[in-house]
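The values are calculated or read from the model by the stated rules, or taken from the named source; none is laboratory data. A quick note: this is a predicted structure, and the numbers were derived from the prediction, not measured. Cβ coordinates were reconstructed from backbone atoms using ideal geometry, including for glycine residues, and neighbour counts include every protein chain displayed.
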Amino acid sequence: MKFLIIPLILLYFSLWVSTDPSENAESTPQDSLQKDSTEVLLLFSGDVMQHMPQINAAWDTSCQCYNYDSTFAYISPLFNMADIAIINLETTLAGKPYSGYPQFTAPDELVTGLQKAGIDILATSNNHSCDKGRKGIERTLKIIDSLGLQRTGTFYDSLDQKLFNPLYIEVKGLKIALLNYTYGTNGILTPKPTIVNRIDTSAIRRDYHTAIISGADIVIPFFHWGIEYQTAPNEEQKMIAEFCMRLGMKLIIGSHPHVIQPAQTYISDKDTAIVVWSLGNFVSNQRQINTDGGMSVMVKLIKEERHYKVINTGYILHWVYIQTDSSGKKTYKVLPISEYQKKTSALTPDALEKMNLFDERTKTLITTVENPIKEITFDSLSNKWVF
């Protein structure tokens, strides 16, 4: 366990345990970044989507179960570099029959796979939270809780919301408060008594002050916002970010557009703040321009007496490689681009070209803003990520 959750989890229902995928036999890169006892590394990743081709590809005849080991094996070392790894779960776990767009429900093994890969916290408030009604919300939370993962954004009821909104995490003496909100739920009403956190300045202000009064060193909002497939933030995103910065928030994370929007540092006379407008897709079946990959953002914090300081921030680009074997079976693999540009034999020439095009377009996009955050790259000689 990397960190302490405050308070301890209270479960309302009997827990349902999902099938544990078989051990992954594929080799993965070495965990490379040495953790300093005085520093805290946070990793934020984007949208975990599950379209039906992905679900079908995850079926493993050897265990007669769904198995996501191959999907996350190559990105897992990055998750494990971090003290806390956080990702947006953009599907429900409502049980069978499984379905993709427009109303998602995925196998429980998806979350088991994320946990095995090193994910610690799932942000669950997004426009697909209500896709399967009350059952979808409640069963998703049950599965997450049964695995010992942490979550925030959707809740069984108002008591559960009070317990996990904000979600407090304590690591190496640093108390972090995580908030999660969505712009909406595709017009589907949230079934009572469940709750889906919505973007609302009054709620954000209340939750921020609750966190500060509770002794949080840093308050981090994770927003589901923006316009799909737009590579720049809209005015509403900017307004919300400015509101958060005025409150005192210095790290603001966004997802939803299914494409990357730049991450940048805002510098004022008094302080600085980092805004990640959109992390893009973490994994999906989308292949149109800018949707076939995403970025994860690593933030290094240090606590100094009663204050904390952001001492480094960087992004890692990753791309979804859909590999097809001789029988026609597909395997979805999330590949860190900087690493696999140096391991060209792992991809087909066509896939390598597409990955490089995504990389080139994204890096051009990232430099269109003032004070963009830097890239974290892979050094093949030392087998380490340079941060």
Q. Can you spot a residue in region 204-224 that is farther than 30 Å from R306 by Cα, among the hydrophobic types (A, V, I, L, M, F, W, C) and either crowded, with 24+ Cβ neighbours inside 10 Å or at pLDDT 95 or above (or both)?
A. no
Q. From the set of residues in region 149-162 that are assigned to a loop (DSSP other than H, G, I, E, B) and out of contact with any helix residue (DSSP H, G or I) (no Cβ under 8 Å at 6 or more places or on another chain), which is farthest from I121 (Cα to Cα)?
A. D157
(Q) Name the residue that is farthest from the chain's Cα centre (by Cα), counting only residues in region 342-387 that are surrounded by 15 or more Cβ atoms within 10 Å (Cβ to Cβ) and acidic (D, E). (A) D359
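Rundown of residues vs (1) within 17 Å of the chain's Cα centre (by Cα); (2) crowded, with 24+ Cβ neighbours inside 10 Å, yes/no style:
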residue	(1), (2)
Y74	yes, no
F79	yes, no
I87	yes, yes
L189	no, no
Q) Counting just the residues of region 295-319 that are polar (S, T, N, Q) and surrounded by fewer than 23 Cβ atoms within 10 Å (Cβ to Cβ), which one comes out modelled with the lowest pLDDT? A) N312
Q: Scan region 227-265 for residues that are in contact with a Cys (Cβ under 6 Å, 6 or more places away or on another chain) and closer than 17 Å to V48 by Cα and report the count.
A: 0
Q. Do we find a residue being in contact with a Cys (Cβ under 6 Å, 6 or more places away or on another chain), of a type outside the set (D, E) and either without any contact (Cβ under 8 Å) to a residue 60 or more places away in the chain or assigned to a strand (DSSP E or B) (or both) anywhere in region 171-186?
A. yes
Q: Would you confirm whether any residue within region 257-266 is closer than 20 Å to N197 by Cα, among the aromatic types (F, W, Y), out of contact with any helix residue (DSSP H, G or I) (no Cβ under 6 Å at 6 or more places or on another chain) and not in a loop (DSSP other than H, G, I, E, B)?
A: no
Q) Is it fair to say E370 is in a helix (DSSP H, G or I) and acidic (D, E)? A) no
Q. What number goes with the only condition from (1) over 27 Å from W277 (Cα atoms); (2) part of a strand (DSSP E or B); (3) at pLDDT below 95 that L381 does not pass?
A. (2)
**Q.** Number of positions in region 34-74 that are of a type in the set (A, V, I, L, M, F, W, C) and touching a helix residue (DSSP H, G or I) at 6+ places or on another chain (Cβ under 6 Å)
**A.** 1
Q.
When the residues of region 66-96 are narrowed to those that are in contact with a His (Cβ under 9 Å, 6 or more places away or on another chain) and part of a loop (DSSP other than H, G, I, E, B), which ends up nearest to V171 (Cα to Cα)?
A. I75
Q. Among the residues of region 228-248, is any surrounded by 22 or more Cβ atoms within 10 Å (Cβ to Cβ) and in contact (Cβ under 8 Å) with a residue 60 or more places away in the chain?
A. no
